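Enquirer: Below are the structure tokens for one structure; questions will follow.
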Amino acid sequence: MEQHDKMMTVSWGKFAAMITTSVVAMFFLMYQLVTASTTRRSA
């Protein structure tokens with residue numbers, strides 16, 4: 001049972017890392033779009 005619990009923890013860690021990476025990437029892309037649009041508008 002202990003080994004099974006460890007496996008579950010690892011999979012949850014990978015799952016959380018995947019979500020965190022995608023969320024960070026999304027925010028970065030949105031930030032890039034916002035800054036690009038604001039600089040284009042002001043110029």
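What follows is calculated from the coordinates using simple rules that are stated; it is not laboratory data. Here the structure is a predicted model, which means the values were calculated and not measured. Cβ sites come from the backbone with ideal geometry, for glycine too, and all protein chains shown count toward neighbours.
Enquirer: So what is the calculated 222 nm ellipticity per residue for the chain, using -39500 (n - 2.57) for each DSSP H run with n of 4 or more, over all residues, to the nearest 500 deg cm²/dmol? Kindly include the intermediate steps, with their values, before the conclusion.
Expert: On the way: 1 runs with 41 residues, N = 43.
It lands at -35500 deg cm²/dmol.
Enquirer: Pop out the ³J(HN,Hα) list for segment 12-28 in order, Karplus 6.51 cos²θ - 1.76 cosθ + 1.60 with θ = phi - 60°, rounded to Hz; leave Gly and Pro as x.
Expert: 5, x, 4, 4, 5, 5, 4, 4, 4, 4, 5, 5, 4, 4, 4, 4, 4
Enquirer: While we're on this one: So for the pair Thr38, Lys14, with labels modelled 7 Å out along Cα→Cβ, what separation do we get in nm?
Expert: Using points 7 Å along Cα→Cβ, the separation is 3.9 nm.
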